[in-house]
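Every number here is computed from the coordinates shown, using simple stated rules; none is lab data. None of these values were measured; they are calculated from a predicted model. Backbone-built Cβ (ideal geometry, glycine too); neighbour counts: all protein chains shown.
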Amino acid sequence: MERTLVLMKPDAVQRGLIGEIIGRLENRGLRIIGAKFMLVNRELAETHYAIHKGKPFYKGLINYITSSPVMAMVWEGPNAVAAVRQTMGATKPIEAAPGTVRHDFGLEVGRNLTHASDTVENGEKEVALWFSSKELVNWERTIDPWILE
Ligand code: DAT
Ligand code: MG
């Protein structure tokens, strides 16, 4: 079962979209196994976005993610990484497919509402960066046989 890190970025929180976006992931059949509402310090932001260091948008990205609370979550499911990326849509809202979160609620890449891990390997790494193993909940969802074959 794959795990992926999902962040509701500050704009999603400020705009009251936490429930809407969680609802989409729940409807999809993904299972939440960890969540916390938190302020992101610069150190965590810089580690999380280390791959983008030096790019023209890096400073703005760090300022944005640390500007106001985020909702950090871990979601699990078969192909969870690809499934969540698909639900969120392309990085630039203007290129995101209709029906995706970034299309339906966004216009600009610097306010694209969510983060989702992009590979299985990065999913593992990002979950470990944002959550301790104690913060992840192992639970049984009784309707799973009606969602997962
Ligand atoms: P994603 O968030 O879809 O994984 P990414 O990892 O390429 O996208 O970039 C991380 C974030 O950085 C992205 O959500 C928004 C910002 N970003 C990426 N490309 C950008 C660009 N060309 N201009 C401004 N911000 C950008
Ligand atoms: Mg990325």
Exercise. Which fully enclosed strands (runs of 3 or more DSSP E) of region 1-102 have 1 or more residues being among the basic types (Lys, Arg) and surrounded by 14 or more Cβ atoms within 10 Å (Cβ to Cβ)?
Worked result: 2-8, 31-38
Exercise. Do any residues in region 1-16 that are more than 19 Å from residue 68 (Cα to Cα) have Cβ atoms under 7 Å from those of residues that are outside any strand (DSSP E or B) and among the polar types (S, T, N, Q), where the two are at least six apart or on different chains, and which pairs are they?
Worked result: 2/79; 4/117
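Kindly indicate which of 121, 126, 108, 135 is closer than 16 Å to residue 6 by Cα and within 11 Å of ligand 1 (Cβ to nearest atom).
Working: 121 fails: within 11 Å of ligand 1 (Cβ to nearest atom); 108 fails: closer than 16 Å to residue 6 by Cα; 135 fails: within 11 Å of ligand 1 (Cβ to nearest atom).
Just one listed residue meets the conditions, 126.
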Problem set entry | Breaking point among (1) buried (at least 16 other Cβ atoms within 10 Å of the Cβ); (2) closer than 24 Å to residue 59 by Cβ, for residue 110 | (1)
Exercise. Does at least one position in region 138-146 carry a residue that is among the hydrophobic types (A, V, I, L, M, F, W, C), more than 14 Å from the chain's Cα centre (by Cα), under 18 Å from residue 5 (Cα atoms) and not in a loop (DSSP other than H, G, I, E, B)?
Worked result: no
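Of all residues in region 127-147, which are closer than 25 Å to residue 44 by Cβ and not hydroxyl-bearing (Ser, Thr, Tyr)? It would help to see each step written out before you state the result.
First, the residues of region 127-147 that are closer than 25 Å to residue 44 by Cβ: 127-138.
Scanning region 127-147 gives 127, 128, 129, 130, 131, 134, 135, 136, 137, 138.
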Exercise. Is there a residue being of a type in the set (S, T, N, Q) and within 16 Å of ligand 2 (Cβ to nearest atom) anywhere in region 61-82?
Worked result: no
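Residue-by-condition table, conditions (1) farther than 21 Å from residue 3 by Cβ; (2) small (Gly, Ala, Ser); (3) within 16 Å of ligand 1 (Cβ to nearest atom):
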| position | (1), (2), (3) |
| --- | --- |
| 60 | yes, yes, yes |
| 87 | no, no, yes |
| 95 | yes, no, yes |
| 149 | no, no, no |
Exercise. Which of the residues that make up region 103-120 are more than 14 Å from residue 15 (Cβ to Cβ) and in a helix (DSSP H, G or I)?
Worked result: 103, 109, 110, 120
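Would you call residue 77 on the phi > 0 side of the Ramachandran plot, touching a strand residue (DSSP E or B) at 6+ places or on another chain (Cβ under 9 Å) and touching a residue at least 60 places away in the same chain (Cβ under 8 Å)?
On the way: on the phi > 0 side of the Ramachandran plot: yes; touching a strand residue (DSSP E or B) at 6+ places or on another chain (Cβ under 9 Å): yes; touching a residue at least 60 places away in the same chain (Cβ under 8 Å): yes.
Taking the combined requirement at face value, the residue satisfies it.
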